Amino acid sequence: MSKARQLADLGNVYDDGALSNRNRIINGDFSIWQRGTSSTTTGWGYHTADRWNTTLRDGAGTMSQYDMGAELRPFTYALKTAITSAATSSPAIQQRIEDSRKFKNQTVTLSFYAKASKNITVDTYFNLIWANTDNTTTAQSNSITTSWQKFTLTATLPDPTGTYNSTYDNFICRFDLPISDTYDFYLTGVQLEVGDTATPFEHRSYGDELARCQRYYYKVSRIRASARGSTTGSNQSIYSSSFPTTMRVEPTLVWDTSNGQSGTSDHEFYGASAEHVNAYCTINDTSYWYINYGYTADAEL
Amino acid sequence: MNEMTITSAQYLVDPTTNEKDRVKATIDGVQMFVPLDPTNRHYAEIMRQVEAGTLTIQEAE
């Protein structure tokens, strides 16, 4: 790309109002994997890389972290989708972005890097949810080859009538993968910008990206609570903590019991909010008890 | 659309206020503590299934 072209693109971005924080996609470079780095779960859900909502539909395979090695530096990871048993409806990868008011009637540009184990076609879509109604727009078919390529899609989004619904209305960028075939598909560097220009991928620090992800999902590997000589009883407070960032909404909480406990039972959460969590349990052993549980907090869209 | 299989649901009471605080539910085989917040996707799905008549939330013990 020529310097003149780069300067012209920079001018366009300035006109569109964003020289920093341009990328509305979170974890577009697949650097954050709080849930784990591999999953064979087929249904829709958040299974591996933070913020990415995926499904294998009725096919089978694995979604996993792909180490980029020397490929496409400075990207470190990609999302690898290995379809080993063909699906009859499209396996999909999507990200839901909060608050469709920020996108309604706007021109947006999606850019991403992709390759595959063989030549395949991947379709990209935008879904503007407004008044709890899906306004799908602009399918683009992208010819993916065995080499990394950058793809872009610019579209002006719909301007539907009706009233914004804060519970349901968000904006979705979606990738639909081929049916009736087996393949490996690799995706990284996903960027969504307001405006008509695809600028270079905005690399953010690990800490910055993790904090953005923690608004939607937060994982604590282990709390440590213990005591000697305490009395027995139910509803004993064992843990109280603030989340590192305010979560999108009050989260769903799940214990991770893998690190064990002794002398306690009936572990439950209460009085939580988008900022804070409390937990209590029943103490059964007066001589010594401990809890090494971890937990997750899920406020995803 | 996130598909969820919900096999049990029961209200929990906050012991400090004695008011319903959340739902303890088994979703996709995992025990979850779900706030009574319609903008939480798990609670939204619980209420969708309740309204469809396919799920009942048991009262707190």
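Is there a residue in the stretch A:123-131 that is more than 18 Å from A:Ile25 (Cβ to Cβ) and surrounded by fewer than 20 Cβ atoms within 10 Å (Cβ to Cβ)? Full working, then the answer.
Start the filter on the stretch A:123-131 by keeping residues that are more than 18 Å from A:Ile25 (Cβ to Cβ), which leaves A:130-131.
Subset that is surrounded by fewer than 20 Cβ atoms within 10 Å (Cβ to Cβ): A:131.
Yes, there is a match, as at least one residue in the stretch A:123-131 is more than 18 Å from A:Ile25 (Cβ to Cβ) and surrounded by fewer than 20 Cβ atoms within 10 Å (Cβ to Cβ).
Report, ordered by the first and then the second residue, all pairs with beta carbons closer than 6 Å, sequence separation of six or more or different chains, a first member in the stretch A:110-124 that is over 28 Å from A:Gly195 (Cα atoms), and a second member that is surrounded by 23 or more Cβ atoms within 10 Å (Cβ to Cβ) and not charged (D, E, K, R).
A:Ala116/A:Ile144; A:Ala116/A:Phe185; A:Ile120/A:Ile144
Just for the stretch A:69-106: of the residues that are of a type in the set (A, V, I, L, M) and in contact with a Ser or Thr (Cβ under 6 Å, 6 or more places away or on another chain), which one is surrounded by the fewest Cβ atoms within 10 Å (Cβ to Cβ)? Reasoning before the result, please.
Applying the first criterion (of a type in the set (A, V, I, L, M)) to the stretch A:69-106 yields A:70, A:72, A:78-79, A:82-83, A:86-87, A:92-93, A:97.
The next check asks that each one be in contact with a Ser or Thr (Cβ under 6 Å, 6 or more places away or on another chain); those that pass are A:78, A:82-83, A:86, A:92-93.
Working: A:Ala78: 26, A:Ala82: 19, A:Ile83: 24, A:Ala86: 17, A:Ala92: 20, A:Ile93: 21.
Residue satisfying both the conditions and the ranking: A:Ala86.
Kindly establish whether A:Thr42 is touching a residue at least 24 places away in the same chain (Cβ under 8 Å) and either farther than 25 Å from A:Gly294 by Cα or surrounded by fewer than 16 Cβ atoms within 10 Å (Cβ to Cβ) (or both).
Numbers: touching a residue at least 24 places away in the same chain (Cβ under 8 Å): no; either farther than 25 Å from A:Gly294 by Cα or surrounded by fewer than 16 Cβ atoms within 10 Å (Cβ to Cβ) (or both): yes.
It is false that A:Thr42 is touching a residue at least 24 places away in the same chain (Cβ under 8 Å) and either farther than 25 Å from A:Gly294 by Cα or surrounded by fewer than 16 Cβ atoms within 10 Å (Cβ to Cβ) (or both).
Tell me which strands (runs of 3 or more DSSP E) are completely within chain B and hold 3 or more residues being more than 8 Å from chain A (Cβ to nearest Cβ), or say none if there are none. Lay out the reasoning, then the answer.
Working: elements: B:6-14, B:19-27, B:30-35.
By residue number, B:6-14, B:19-27.
Can we say A:Ala211 is part of a loop (DSSP other than H, G, I, E, B) and either of a type in the set (Gly, Ala, Ser) or surrounded by 18 or more Cβ atoms within 10 Å (Cβ to Cβ) (or both)?
Values: part of a loop (DSSP other than H, G, I, E, B): no; either of a type in the set (Gly, Ala, Ser) or surrounded by 18 or more Cβ atoms within 10 Å (Cβ to Cβ) (or both): yes.
No: the conditions fail for A:Ala211.
Working carefully through the options A:Ala82, A:Ala70, find the one that is of a type in the set (A, V, I, L, M, F, W, C) and without any contact (Cβ under 8 Å) to a residue 24 or more places away in the chain.
Result: A:Ala70 is the single residue among A:Ala82, A:Ala70 that is of a type in the set (A, V, I, L, M, F, W, C) and without any contact (Cβ under 8 Å) to a residue 24 or more places away in the chain.
Do the conditions hold for A:Trp130, that is, is it in contact with an Asp or Glu (Cβ under 6 Å, 6 or more places away or on another chain) and touching a residue at least 24 places away in the same chain (Cβ under 8 Å)? First the steps, then the outcome.
Values: in contact with an Asp or Glu (Cβ under 6 Å, 6 or more places away or on another chain): yes; touching a residue at least 24 places away in the same chain (Cβ under 8 Å): yes.
Yes, satisfied.
Can you list the strands (runs of 3 or more DSSP E) found entirely within the stretch A:228-301 that contain at least 1 residues being under 24 Å from A:Gly45 (Cβ atoms) and within 11 Å of chain B (Cβ to nearest Cβ)? I'd like the intermediate steps shown before the answer.
Details: elements: A:233-242, A:252-256, A:264-270, A:276-283, A:288-291, A:294-298.
Passing ranges, in order: A:252-256, A:264-270, A:276-283, A:294-298.
Residues in the stretch A:208-231 that are at pLDDT below 90 and among the β-branched types (Val, Ile, Thr): how many?
Adding up the residues that qualify gives 1.
Among the hydrophobic types (A, V, I, L, M, F, W, C) and surrounded by fewer than 17 Cβ atoms within 10 Å (Cβ to Cβ), is that true of B:Ala9? Quick ask: steps written out before the conclusion?
Values: among the hydrophobic types (A, V, I, L, M, F, W, C): yes; surrounded by fewer than 17 Cβ atoms within 10 Å (Cβ to Cβ): no.
No; evaluated as a whole, the condition is false for this residue.
Surrounded by 14 or more Cβ atoms within 10 Å (Cβ to Cβ) and modelled with pLDDT under 95, is that true of B:Asp14? Full working, then the answer.
Working: surrounded by 14 or more Cβ atoms within 10 Å (Cβ to Cβ): yes; modelled with pLDDT under 95: yes.
When the stated conditions are applied, B:Asp14 passes them.
With respect to A:Gly162, determine if the residue is within 14 Å of the chain's Cα centre (by Cα) and either part of a loop (DSSP other than H, G, I, E, B) or on the phi > 0 side of the Ramachandran plot (or both).
Values: within 14 Å of the chain's Cα centre (by Cα): no; either part of a loop (DSSP other than H, G, I, E, B) or on the phi > 0 side of the Ramachandran plot (or both): yes.
In short, no.
Can you pull out every residue in the stretch A:165-204 that is aliphatic (A, V, I, L, M) and outside any strand (DSSP E or B)?
Of the residues in the stretch A:165-204, the ones aliphatic (A, V, I, L, M) are A:172, A:177, A:179, A:187, A:190, A:192, A:194, A:198.
Correct list: A:Leu177, A:Ile179, A:Ala198.
Would you check which residues across the stretch B:22-39 are within 16 Å of A:Tyr295 (Cβ to Cβ) and either buried (at least 18 other Cβ atoms within 10 Å of the Cβ) or in contact with a helix residue (DSSP H, G or I) (Cβ under 7 Å, 6 or more places away or on another chain) (or both) and list them?
Filtering the stretch B:22-39 down to residues within 16 Å of A:Tyr295 (Cβ to Cβ) leaves B:22, B:24-25, B:27, B:30-35.
Residues satisfying the conditions are B:Arg22, B:Lys24, B:Ala25, B:Ile27, B:Met32, B:Phe33, B:Val34, B:Pro35.
Condition first: over 21 Å from B:Ile27 (Cβ atoms), touching a residue at least 40 places away in the same chain (Cβ under 8 Å), surrounded by fewer than 16 Cβ atoms within 10 Å (Cβ to Cβ) and not polar (S, T, N, Q). Now tell me which residues in the stretch A:228-262 satisfy that.
The answer is A:Arg228, A:Gly229, A:Gly233.
The values are calculated or read from the model by the stated rules, or taken from the named source; none is laboratory data. Every value quoted in this text rests on a predicted model; they were computed, and no experiment measured them. FYI the Cβ positions are ideal-geometry reconstructions off the backbone, even for glycines, and counts take in every protein chain you see.
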